[in-house]
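Only the coordinates and a few stated rules stand behind these numbers; no lab work does. Since we're looking at a predicted model, the values are computed, not measured. When we count neighbours, we look across all protein chains shown, and the Cβ atoms used for this are built from the backbone with ideal geometry, even at glycine.
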Amino acid sequence: MASGFGFNGGPSRCFAFWQEFSKCYASTDSPSQCRAQADDYLECLHRTKEIARAKAVKAEFIKKVAHQAQEGRKAADILADGVIVGVGLIQRDRGDSEH
């Protein structure tokens, strides 16, 4: 974020959050009033809450798989029911244009 530009030449992914924080900080007498904007900007930069949520989802999935394995289900059957592909992303086929 040092230059303000992303990898593809446009604004960085957190630029909008930085602008909100900067606007708040410039217009207030007490910087503590901008804590929400600062938290949003830092979350965008470091993604700590998103990573913690992903770890919790993965841990719950592993716990569920272990429980089902103890019940005697085969690993292939368990994985066929659902696998964590990505957290927060919806995977769609590129050729699927009929909606």
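Note on Arg35 and His67: their simple-model spin labels are 3.7 nm apart, each label 7 Å out from Cα toward Cβ.
Here segment 1-63 is treated with +1 on each Lys and Arg Cβ and -1 on each Asp and Glu Cβ, and its dipole about the Cα centre works out to around 360 debye. With a Förster radius of 25 Å applied to the beta-carbon distance between Ala26 and Arg53, the computed FRET efficiency rounds to 0.20.
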